[in-house]
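Participant: Pasting a structure below so you can have a look.
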Amino acid sequence: MKKLMMLAAIAATLVSCGGGGGRPNFGDNEFPVVTVGTSSADMQTTYPATIKGVQDVEIRPKATGFITQINVKEGQAVGAGQLLFVLDNETYQAQVRQAQAAVNTAQQQVNTAQLTYENSKQLHANKVIGDYELQTSQNSYESAKAQLAQAQAALASAREALSFCYVKSPAAGVVGTLPFKKGALVSGSNVLTTVSNISSMEVYFSVTEKDAMSMSRDGEGLNTLPPVKLKLADGSIYAHEGKVTKMSGVIDQATGTVQVIAVFTNPEKLLKSGGAGTIIIPRVASSAIIIPQACVSEVQNKKFVYIVGKDNKVKYTEIEVDPQDDGNNFIVTDGLKAGDKYVTNGITKLNDGMEIVPITPERYQQKIDEQAKAMTAGDIVGAMKK
């Protein structure tokens, strides 16, 4: 048992000395080579995102005054029409009382003018007064009604001004921050808070022009896109999938990107307006070329592999890969095609144009095992020191 464990450790040491770039010293020019094939690959694209409520309403007072009451707390759920703040309204109440008194006076004048007019009509019918007196009485009555209407309009205006001192929520949602305290002087230029409808959340993210064209090229446009996922700030994946619903029709000239909106349900109220996350859009590549990252060398942000020609000579070839990867493999987008052959291990021992003896990865691993078994105690110590 101990011998097997030692052999496994030696094999691991040999691979660590040679795999991912180096290779064990076989004393020959044998390198593992595989032929490029295609397969289906589950891929994903990620975009930084900003989370907002489907309705974020800034609450501003229409009147100027001191805050006398704050009836809500930050994070509290409120309904449409619920009272949030009260401003000092003594002056406005006095104006309402004054306007109400004016209405009462005008109403009395209307009543008096109406009686006078009714009496004048009887006198006129009995030929006691003439047409002039009747018309004068009627004009006085109409004038009194007009003054009453004017007084009623002034009262309505005063009551509306008073209502501005009672700041109510225009929509159902959750109260945001409360920057002003009781006693603060505020006006219409001040945002008292924000009420956000967070039953559903809109997640904003930007895609490149190329990605935007790819999303909207199909006949049904955004309707054909698969559900998207949301990675939260703590790295976890949000439990509910979202749906891309909107795309801006204008390209941002400064960034060359297009804004896209995905909608997520928020039954647990976990998502907060103003939060940040990452949108994950899955996609499937039906004919993808997938190669291990260990067989790729990187120089100045460029990636290279060794392709084996018909004469068994290797060619140092640049490839392009999808920016999204799983940490173990690359999806090659250019530089390799189906049927090409490339070296999978020992690439640091290769030079451009070097002739090799291709072997299979299985034979390569077998030779590693054979060499491990044939090593002396001194070889083992030397390998372990590497």
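The values are calculated or read from the model by the stated rules, or taken from the named source; none is laboratory data. All of these numbers come straight from a predicted model, not from anything done at the bench. So basically every Cβ, Gly included, is an ideal-geometry build from the backbone, and we count neighbours across all protein chains shown. For accessibility, only protein heavy atoms count, side chains too; no ligands or nucleic acids. Shrake-Rupley method; radii C 1.70, N 1.55, O 1.52, S 1.80 Å.
Participant: May I ask you to derive the relative contact order of the chain, considering only C-alpha pairs under 8 Å and at least 6 residues apart, and to give it as an integer percent?
Facilitator: That works out to 29 percent.
Participant: So, one more: Compare T245, T194, T278 in a GNM of the chain, Cα atoms joined below 10 Å, and give the one with the largest fluctuation.
Facilitator: Residue with maximal mean-square fluctuation among T245, T194, T278: T245.
Participant: Here's another thing I want to ask about it. So if R0 is 35 Å, what FRET efficiency would E133 and T105 give, r being the distance between their Cβ atoms, rounded to the nearest 0.05?
Facilitator: Working: r = 25 Å, r/R0 = 0.73.
With a Förster radius of 35 Å, E is 0.85.
Participant: Over region 275-367, with the other protein chains present, what is the accessible area per residue in square angstrom, probe 1.4 angstrom?
Facilitator: Computed with neighbouring chains in place, this is 56 Å² per residue.
Participant: Compute the accessible area per residue over region 106-224, keeping the other protein chains in place, probe 1.4 Å, unit Å². Before the final figure, lay out each step's value.
Facilitator: On the way: 6920 Å² over 119 residues.
About 58 Å² of surface per residue is accessible.
Participant: Let me ask you something else. On C-alpha positions alone, give me the angle between the axis of helix 131-163 and the longest principal axis of the chain, in degrees, nearest 10.
Facilitator: Result, in degrees: 30.
Participant: Something else now. State the label only: which of (i) 0.98; (ii) 1.93; (iii) 1.14 corresponds to Cα Rg over 2.2 N^0.38 Å computed from the shown model?
Facilitator: Answer label, from the structure shown: (ii).
Participant: Relative to the Cα centre, what is the charge dipole magnitude of the chain, using +1 at the beta carbon of each Lys and Arg, -1 at the beta carbon of each Asp and Glu, and rounding to the nearest 20 debye?
Facilitator: 800
Participant: GluC sites (Glu not before Pro), restricted to region 172-242: which are DSSP loop and have at most 14 other Cβ atoms within 10 Å? Could you put the intermediate results ahead of the total?
Facilitator: Values: sites: E202, E209, E220, E241; in loops: E220, E241.
Counting only loop positions with at most 14 other Cβ atoms within 10 Å, the GluC sites (Glu not before Pro) in region 172-242 are E220.
Participant: Projected onto the charge dipole of region 144-299 (+1 at Lys/Arg Cβ, -1 at Asp/Glu Cβ, origin at the Cα centre), which of V191, S297, F264 gives the Cα projection farthest towards the positive end?
Facilitator: The Cα lying farthest towards the positive end belongs to V191.
Participant: Moving on. With everything on Cα atoms, drop me the angle between helix 2-18 and the longest principal axis of the chain, reported from 0 to 90° to the nearest 10.
Facilitator: Helix 2-18 and the main axis of the chain meet at about 70 degrees.
Participant: Quick check on my link table: of K73/K168; K303/K349; K73/K229; K302/K337, which ones sit more than 25 Å apart, alpha carbon to alpha carbon?
Facilitator: K73/K229
Participant: Continuing with the same structure: Along Cα→Cβ, 7 Å out, is where each label goes; now give me the distance between the ones at I251 and T208 in nm to one decimal.
Facilitator: 1.2
Participant: Sticking with this one: Expressed as a whole percentage, what fraction of the accessible surface of the chain belongs to carbon and sulfur atoms when a 1.4 Å probe is rolled over the protein heavy atoms?
Facilitator: Details: 11440 of 22230 Å².
With neighbouring chains kept in place, the figure for the chain is 51 percent.
Participant: Measure nothing but the geometry: give the 0 to 90° angle between the long axis through the Cα atoms of 361-374 and the longest principal axis through the Cα atoms of the chain, rounded to 10°.
Facilitator: The two axes meet at around 60 degrees.
Participant: Next question, about the same structure. If you rank K243, K310 by how much accessible surface each has, with a 1.4 Å probe, what is the order from largest down?
Facilitator: K310, K243
Participant: In addition: Grab the Cα-Cα distance for L115 and Q365, subtract it from 0.36 nm times how many residues apart they are, and report the gain in nm with one decimal.
Facilitator: 78.3 nm
Participant: Suppose R0 equals 22 Å. What FRET efficiency, 1/(1 + (r/R0)^6) with r the Cβ-Cβ distance, do E355 and T317 give to the nearest 0.05?
Facilitator: E(calc), rounded to 0.05, equals 0.85.
Participant: OK, next. Which of A158, Q122, I307 sits closest to the plus end of the dipole of the chain, meaning its Cα is farthest towards the positive end, when Lys and Arg get +1 and Asp and Glu get -1 on the C-beta?
Facilitator: About the Cα centre, the residue reaching furthest to the positive side is A158.
Participant: A further question follows. Suppose the chain between N29 and S163 were pulled fully straight at 0.36 nm per residue; how much longer would it get relative to their current alpha carbon spacing?
Facilitator: 39.2 nm
Participant: Label-point separation (nm) for D334 and A149, each offset 7 Å from Cα along Cα-to-Cβ?
Facilitator: Between D334 and A149, the label points sit 7.7 nm apart.
Participant: Residues with beta-carbon under 14 Å from that of T255, excluding T255: net charge, scoring Lys, Arg +1 and Asp, Glu -1?
Facilitator: -2
Participant: Next up: How would you order 246-255, 346-355 from highest to lowest mean count of nearby Cβ atoms within 10 Å?
Facilitator: On the way: 246-255: 11.0, 346-355: 14.5.
Ranked from most to least packed, the peptides come out as 346-355, 246-255.
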